[in-house]
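Single-structure report; data block below.
The values are calculated or read from the model by the stated rules, or taken from the named source; none is laboratory data. Just so we're clear, the structure is a prediction, and the values are computed from it rather than from any experiment. Don't worry about glycine lacking a Cβ; one is built from the backbone with ideal geometry, like all the others, and counts go over all protein chains shown. Accessible surface is based on the protein model in full, side chains and every heavy atom, while ligands, DNA and RNA are left aside. Shrake-Rupley method; radii C 1.70, N 1.55, O 1.52, S 1.80 Å.
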Amino acid sequence: MKWWPRSWGQFWSTLDGRTYHMMLSARPWIGWLAVGSMVVVFALVFWWVPLEAIQGYPQKIFYIHVPSAWVMYAAFAVVFGASILYLWKRSSLWDIFARCAAEVGFLFTTLALATGMLWGKPIWGTYWTWDARLTSTLILWFIYGGYLLVRAFARPEADVARLAAVIGIIGFLDVPIIHLSVLWWRTLHPQPVVMIVDDPGGGLPASMLITLLASLLAVTLVFAWLWIQRVWQERTAENLALLEVLLDRRERGSR
Amino acid sequence: MIWYLAAYAMFWAVLFGYLLGVSTRQQKLVERAEELTRRLAGPGPGSEGGT
């Protein structure tokens, strides 16, 4: 297969296959980098980064809460992009990309909510409050929970893929709302400390910023590996199902 | 400190639980592939009486 397509038409028609092969060749590297960076992050969190003066230990939950929320954004951006490409190209690979990203994204949304609750209890005195950031994240959790339920139980498969792609696209509209909710409404949730327009990263001391950036990288690599692994499994299952149909046909023909 | 340790323990328990699910699915795929490979290697149509 030639790497460079000869035209834009060829580029779009073969993009799914190219992306898939690129992902498979990167998978072992991503896996080992994810393990290595996670070890580094844990050393940084447990032994290196200083305790925050006011919050103390609960502040360290920040180093898994923020990366989980970031991966949640990234995963649903993948669902959004892959769903658009599925509706356009109707290639089953785009559908698999979206489905697997939604599954792993749902996992990290759950982790973002749960780690936030475990931080909220000692700091706010409650696990949950109907704050704009928390509520919009919970809505996202329900949207993608619904997406996964549709995928698991509704039939026929082609209609489900189309319906799920529409949910994936519309559901993504909640992501910018979540991100901007702390600016649009008066909320209990802390304001951004890294993505500040006038002073990026300026809301944190250097040691905390380094630990956070390392953790963002590590959790993103974990997400990427899990996503690629699930895509490979779904693609392989699809190929095996096809092989089974061919074998059934061959065996019926030989009787 | 208990909330901090609980959050990290929960984070890892959920991630490992999911990883275990992925690994079980992988095992099932391998078993299915082996079964289909055996069927593929078996006699096809018109092979009766062949060597």
Check your understanding: Where in chain A are the helices, taken as whole DSSP H runs, whose Cα atoms extend 30 angstrom or more along the long axis and whose Kyte-Doolittle mean reaches at least -0.5?
Key -> A:8-43, A:62-89, A:92-124, A:132-153, A:206-254
Review point. How much length, in nm to one decimal, is gained on full extension between A:Y127 and A:L242, taken as 0.36 nm per residue of separation minus their Cα-Cα distance?
Key: 36.6 nm
**Study point:** Point-charge dipole on Cβ atoms (K/R +1, D/E -1) for the range A:126-181, about Cα centre, debye to 20
**Key:** 80 debye
Exercise for review: Could you tell me the accessible area of A:I170 in Å² (1.4 Å probe, neighbours in place), rounded to the nearest ten?
Suggested key: 110 Å²
Review point. Which is farthest toward the positive dipole end of the protein assembly as shown among A:A218, B:A7, B:G17, measuring Cα position about the Cα centre, with Cβ charges +1 (Lys, Arg) and -1 (Asp, Glu)?
Key: B:G17
Review point. Peptide B:10-17: average number of partner chain Cβ atoms within 10 Å per residue?
Key: 5
Check your understanding: With charges set only on the Cβ (+1 for Lys and Arg, -1 for Asp and Glu), what does the dipole of chain A come to about its Cα centre, in debye to the nearest 20?
Key -> 760 debye
Check your understanding: Let a ≥ b ≥ c be the square roots of the eigenvalues of the Cα gyration tensor of the range A:1-108; is it rounded (a/c under 1.5), or, if not, prolate (a/b larger than b/c) or oblate?
Key -> prolate
Exercise for review: Just name one of A:W119, A:G203, A:G146: the one whose Cα is farthest towards the positive end of the charge dipole of the protein assembly as shown (beta-carbon charges, Lys/Arg +1, Asp/Glu -1).
Suggested key: A:G146
Practice item. Grab the DSSP H runs of chain A that are 4 residues or longer, score each as -39,500 (n - 2.57), total them, divide by all residues and round the 222 nm result to the nearest 500 deg cm²/dmol. Key: -27500 deg cm²/dmol
**Study point:** Rounded accessible area of A:M38 (nearest 10 Å², 1.4 Å probe)
**Key:** 20 Å²
Revision key, fill the gap. Placing each pseudo-label 7 Å from Cα in the direction of the beta carbon, A:E52 and A:I177 end up separated by a distance in nanometres of 2.7 nm
Review point. Among A:T137, A:L173, A:W94, whose Cα lies farthest out toward the positive end of the dipole of the protein assembly as shown, if unit charges sit on the beta carbon of Lys, Arg (+1) and Asp, Glu (-1)?
Key: A:W94
Practice item. Find out how many positive minus negative residues lie around B:G42, taking Lys and Arg as positive, Asp and Glu as negative, among other residues whose Cβ is under 10 Å from that of B:G42. Key: +2
Review point. Label point 7 Å out from A:V193 along Cα-to-Cβ: which residues of the range A:209-247 have amide N under 17 Å?
Key: A:209-217
**Study point:** In the range A:126-226, the trypsin sites (Lys or Arg not before Pro) that fall in loop regions by DSSP, at most 16 other Cβ within 10 Å
**Key:** A:R186
Study note, to complete from the structure: Env charge @ B:Y4, Cβ radius under 14 Å, K,R +1 / D,E -1, value +1
Check your understanding: According to the square roots a ≥ b ≥ c of the eigenvalues of the Cα gyration tensor, what is the shape class of chain A, taking rounded for a/c under 1.5, prolate for a/b larger than b/c otherwise, and oblate for the remainder?
Key -> prolate
